[in-house]
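The values are calculated or read from the model by the stated rules, or taken from the named source; none is laboratory data. Everything numeric in this text was worked out from a predicted model, so none of it was measured. All Cβ positions, glycine included, derive from the backbone under ideal geometry; neighbour counts span all protein chains shown.
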Amino acid sequence: MNRFEYCQARLGENESFVAKERNIKLYDGDEKTSYEDGELVLTSHRLLWGRNGEIARGSSALSLRLKYVQSFDEEEASSMLFGRKRRIILRLARVMPDKVPGPMDHSVSSFIKISGRNGVDPAFVQALRVTVAAKIWAVTEEESSETENPAPSNRVLRTGIMGIERKLAEKQKQTDDNISLAFKDLSKLMEMAKDMVAISKVVSTKIRDRQGDISEDETVRFKSYLMSLGIDDPVTRDGTRSNSEYFMKLSQQLCEMLLDPITEAGGMMSLADVYCRVNRARGLELLSPEDLMEACKLLIGPIKLRQFPSGAMVLQLDNHDDELVSQETVELAEKNTSISADELARIVGISLLLANERLLSAESMGKLCRDESIEGLRFYPNLFL
């Protein structure tokens, strides 16, 4: 802080305004100071700090000449009230002989920190980086000392300031364009949602009634498309009177939408796959893992929740026969001499988690034996039987 000087908050000759940031706190090294909740103004030559509103009135302020800044860095800090935020660290050169009095005569720190309530605006940080790198103050100093040919210096000065302003304007315009494009795309998506639901109903009716010229291949393809089109009326908390009613209706809807996919997957589906499939179908009305679990616990009918001894949880059909599935697994092991979980998953087309559970289930029934080696875990038909 001993590099700061007292000054009047007004721009000097050949000095231009660049950027401004509010609610800024200054640190002397790692130590807090009393200079809090102030306004920080970046010019082409200096950093000006004053109480909010005082700089605009031309009152007294603190000034740090940018030629003191030797390097620029950032750090991440955490706060109980404001969470994580970033601070700017300016490492400074030694005090110069022409320095005027300031708030501090001596300091053991060779750097200062600049912080805000929610960190420092990235646009201000970028402006500071560009301004320090441009070194416009050096151009003006050279201009004042070399009066024989001022034209080149003036040209560099204009280029430096205009370049900073142009970059800031381009960055702001790009941000505005990105925001406008995002909302435009969202509006189009919302307009298309109704059409997508109408198409899904028409296609599902044709598949169910086999109307028109729909071949077997087209039927399979339409079914795969419908799985991605979504639910036209997802159950939500706002549409129910209590949590119990919400979870009961949600479990019924899960049963309706997952019956065919679980059947096609071999009668069993991991909760991770269920979570992804359900939320993809619900669109913007996403379910939390907790809500999905509570609804799965209430499943009654053709689908039920099952937990394996390993802790893995799946949804499976009521008529799922472990004995039959284990026998199919043994046949695959006999056909390939031995089999691992990843090979079974690839052959049957199921997740690695379910493949591993199928092998462990067959082992617990005594139909498979394991062989653990440096190559991994493999299962062989149990010849001891």
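Assorted remarks:
- Total residues in segment 104-127, condition over 17 Å from Leu62 (Cα atoms) and aliphatic (A, V, I, L, M): 5
- Filter result for the condition that a residue is of a type outside the set (D, E, K, R) and modelled with pLDDT under 85, over Leu315, Leu360, Leu324, Leu305: Leu324
- Every residue from segment 365-385 that is touching a residue at least 24 places away in the same chain (Cβ under 8 Å) and of a type in the set (Ser, Thr, Tyr): Tyr380
- If you go through segment 10-37 and keep only what is hydrophobic (A, V, I, L, M, F, W, C) and in contact with a Gly (Cβ under 6 Å, 6 or more places away or on another chain), you end up with just Ile24.
- Among the residues of segment 294-349, those that are among the small types (Gly, Ala, Ser) and either surrounded by 15 or more Cβ atoms within 10 Å (Cβ to Cβ) or touching a helix residue (DSSP H, G or I) at 6+ places or on another chain (Cβ under 8 Å) (or both) comprise Ala295, Gly301, Ser310, Ala312, Ser326, Ala333, Ser338, Ser340, Ala341, Ala345.
- Within segment 269-311, the residues that satisfy the criterion of being over 16 Å from Lys249 (Cβ atoms), assigned to a strand (DSSP E or B) and over 26 Å from the mean Cα position of the chain (by Cα) are Met269, Lys304, Leu305, Arg306, Gln307.
- Of the residues making up segment 296-325, those that are within 18 Å of Glu264 (Cα to Cα) and polar (S, T, N, Q) are Gln316, Asn319.
- Conditions (1) in contact with a strand residue (DSSP E or B) (Cβ under 8 Å, 6 or more places away or on another chain); (2) assigned to a loop (DSSP other than H, G, I, E, B); (3) of a type outside the set (Gly, Ala, Ser); number of the one not met by Tyr6: (2)
- In segment 18-68, residue modelled with the highest pLDDT [restricted to those that are of a type in the set (Phe, Trp, Tyr) and assigned to a strand (DSSP E or B)]: Tyr27
- Residue tally, condition surrounded by 15 or more Cβ atoms within 10 Å (Cβ to Cβ) and either among the hydroxyl-bearing types (Ser, Thr, Tyr) or on the phi > 0 side of the Ramachandran plot (or both), over segment 350-368: 2
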